[in-house]
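Since the structure comes first, as structure tokens, the remarks are kept for the end.
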Amino acid sequence: MTSDHRPGKATVSRRVLLAAGGLALLGEFAAGKGRGGPLRDRAASPKPSGPAAPPRPDRAASADARAAAARSQNERAAARASAASPAPDAAHGSGPGYTPTASGQPMYYLDDGPMVIALTIDDGPSPVYTPQILSLLRRYGVVATFSMVGENVAAHPAIAREVAAAGHLIINHTWTHANLTELAPAAVADQISRASDAIGEATRTTPVMFRAPYGAWSPAVLAQCQQMRLAPLDWSVDPRDWARPGVSAITTNIMRNTRSGSIILEHDGGGNRAQTVAALSYVLPRLLDEGYHFRTA
Ligand SMILES: [Zn+2]
């Protein structure tokens, strides 16, 4: 199974970024700009030093902050406990204002105006689930970003081609879905370059973004991304579909937590993704009805 659940080694900079993002979200919510208001890139709010609303235990505003906190706590612990289970990853974005070489930090939100969101689909391609998801995306006219694992691309190049031909974005998700924070620099470079090679061979396009398996970023991983000119992409809405919590749990999480700028994490690879497919068939028309526009990361 797979999930991009976060193993333990986040860096200080990541924690700071997450904390800053969570506080910024809370502050925005307190200022009455909850859902619907443009949510800016967390990286735009440098430090949690400004006046911040006290954490609220309930819904909307705290959801992203909670998600961030959960990553640093429970989910990482869960990921460690279930080392056999793959974990989902993060998204990347390149909206206006995003300059990977300037910040060097992963992108958690799009910065492309109100009601613009991104759907990211990780760990494929899968001969079983990727075609089902492509069919849904086609039905609703939605574009998505697929974080592909290199060895899966090598095994199913025609599916990767189909994804690219449908106008979706394919990004690098390592060769074997490795936790790069546990590897030596040469192995990190090998994981990333082999995946880019496989994607390039299958689709004739070179990935320009990278999502770390398990959202496991480190200064070394980010430096490698910078060297390879890959923008690091994380996510902001994680319904933990990889853990198969039930279709309604997935849909409720997405509908409750999505707002302008959200990068939603889902999975087509790494295990049985029937719940993910069912959840997408439910949330895609509803998000469109709410006025959201999908773009690639
Ligand atoms: Zn993953």
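Any read-out appearing in this document is the output of simple, stated calculations on the displayed coordinates, not a laboratory observation. Every value quoted in this text rests on a predicted model; they were computed, and no experiment measured them. Note: ideal-geometry Cβ built from the backbone for every residue, glycine included; neighbour counts use all protein chains shown.
Points worth noting:
- Among 248, 170, 185 the positive-end extreme of the charge dipole of region 167-264 (Cβ point charges): 248
- Scaled radius of gyration (Cα, divided by 2.2 N^0.38 Å) that region 158-241 gives: 1.08
- Peptide packing: for 130-139, 143-152, 109-118, the average count of neighbouring Cβ atoms within 10 Å per residue gives the ranking 143-152, 109-118, 130-139, highest mean first.
- 12 Å beta-carbon shell around residue 118, net charge (K/R +1, D/E -1): -2
- Placing dummy labels 7 Å off each Cα toward the beta-carbon, the span from residue 193 to residue 220 is 1.6 nm.
- The DSSP beta bridges internal to region 87-294 are antiparallel in roughly 10% of cases.
- From largest to smallest, the equivalent ellipsoid semi-axes obtained for region 87-294 from the alpha-carbon gyration tensor read 25, 19, 16 Å.
- The packing ranking of peptides 238-250, 153-165, highest mean first, is 238-250, 153-165, where packing means the average number of other beta carbon atoms within 10 angstrom of each residue.
- Of the two radii for region 191-287, the radius of gyration is 1.03 times the Kirkwood radius, both from the alpha carbons; that is the Rg over Rh value.
- Dipole check for region 87-294: with +1 at the C-beta of Lys and Arg, -1 at the C-beta of Asp and Glu, and the Cα centre as origin, the magnitude is about 300 Debye.
- Rough spin-label spacing in nm, given labels placed 7 Å along Cα→Cβ, for residue 282 and residue 255: 0.7 nm
- Full-stretch length increase - residue 290, residue 158 - with 0.36 nm per residue and alpha-carbon distance subtracted: 44.1 nm
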